[in-house]
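K.L.:
Structure provided below as structure tokens; questions to follow.
The values are calculated or read from the model by the stated rules, or taken from the named source; none is laboratory data. Since we're looking at a predicted model, the values are computed, not measured. Please note: Cβ atoms are built from the backbone with ideal geometry, for glycine as well, and neighbour counts cover all protein chains shown.
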Amino acid sequence: MTIVTRLRACDNCGAPLEDPDEILCPECRLRAIWNAKGIPKEQQDAILADIEAKARPGAKIGPFTIPG
Ligand SMILES: [Zn+2]
């Protein structure tokens, strides 16, 4: 019997997770929502690039707080 200690990491990209209730990181959660809506990957990349450009430490973007 093997006991695997599951680190809290994104199921999709392996990024560390801050929220123990989530299985995906914020970016992958957004992409999952966008994929469900049929938003093309190029548009998703553009939105994420826009968010990153506006991101400042302590800034709130939707449900996300940009860590300082
Ligand atoms: Zn991820």
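K.L.:
Could you tell me how many of the residues in region 24-58 are outside any helix (DSSP H, G or I) and either closer than 21 Å to Gly68 by Cβ or modelled with pLDDT under 90 (or both)?
P.N.:
Looking only at that region, the number is 5.
K.L.:
What are the residues in region 24-45 that are under 15 Å from the mean Cα position of the chain (by Cα) and either acidic (Asp, Glu) or over 27 Å from Arg8 (Cβ atoms) (or both), if any?
P.N.:
Glu27, Asp45
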